[in-house]
1. Which of (1) of a type outside the set (G, A, S); (2) at positive phi; (3) surrounded by 14 or more Cβ atoms within 10 Å (Cβ to Cβ) does L27 not meet, given it meets every other one?
2. Restricting the search to the stretch 1-22, which residues are part of a helix (DSSP H, G or I) and modelled with pLDDT under 90?
3. Quick check: is even one residue across the stretch 24-37 part of a helix (DSSP H, G or I), small (G, A, S) and closer than 26 Å to D61 by Cα?
4. Anything in the stretch 52-79 that is at pLDDT 80 or above and charged (D, E, K, R)? List them, or say none.
5. Go over the candidates A80, A88, A8, A35 one by one and state the one that is out of contact with any strand residue (DSSP E or B) (no Cβ under 6 Å at 6 or more places or on another chain) and without any contact (Cβ under 8 Å) to a residue 12 or more places away in the chain.
6. For the stretch 36-51, enumerate the residues that are under 13 Å from I82 (Cα atoms) and either touching a Leu at 6+ places or on another chain (Cβ under 9 Å) or modelled with pLDDT under 90 (or both).
7. So in the stretch 50-85, with the set limited to residues that are in a helix (DSSP H, G or I) and more than 22 Å from A7 (Cβ to Cβ), which one is farthest from the chain's Cα centre (by Cα)?
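The values are calculated or read from the model by the stated rules, or taken from the named source; none is laboratory data. In this text the structure is predicted, and so the values were computed from the model without any measurement. A quick note on method: Cβ atoms are made from the backbone with ideal geometry, for glycine too, and the neighbour counts reach across all protein chains shown.
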Amino acid sequence: MPGLYLAAILGAFAGVALLDRRLRLGLWSRPTLVAIVVVEVVFLAFDLLGASRGWFASNTDWVIAYWPPGIPPEEPLLLAFITVWAIALFRLAGRWTGEERP
């Protein structure tokens with residue numbers, strides 16, 4: 001079912017946004033944006049290399065399209081989500097242990 005993967009990623013983003021709103025984690029700040037850009041550049045470069053060499057393949061039943069050399073448009077969204085989720089977990093862990101950092 002094309003688009004299900006995209007819907008799942010967007011739903012996960014919505015969940016993190018609600019978590020951020022409820023717990024005031026400050027996820028939508030400049031440092032988070034910088035982290036997203038760095039992760040996107042590094043991992044998309046690796047994805048481009050891997051897709052062009054045939055190391056990676058996505059299931060055509062799940063993605064909506066492909067960008068040459070075979071990367072689905074959902075990939076940058078997934079990388080951004082993983083980055084935001086990791087930052088959220090880091091900040092929550094800091095609160096629970098009493099070692100919260102800005």
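1. (2)
2. Once the filter is applied, which keeps residues that are part of a helix (DSSP H, G or I) and modelled with pLDDT under 90, the stretch 1-22 yields L4, Y5, L6.
3. No, the stretch 24-37 has no match at all.
4. Listed by number, the residues that qualify are R53, E74, E75.
5. One residue alone meets the criteria, A8.
6. Initial filter on the stretch 36-51 (under 13 Å from I82 (Cα atoms)): 36-40, 43.
Correct list: I36, V39, E40, F43.
7. S52
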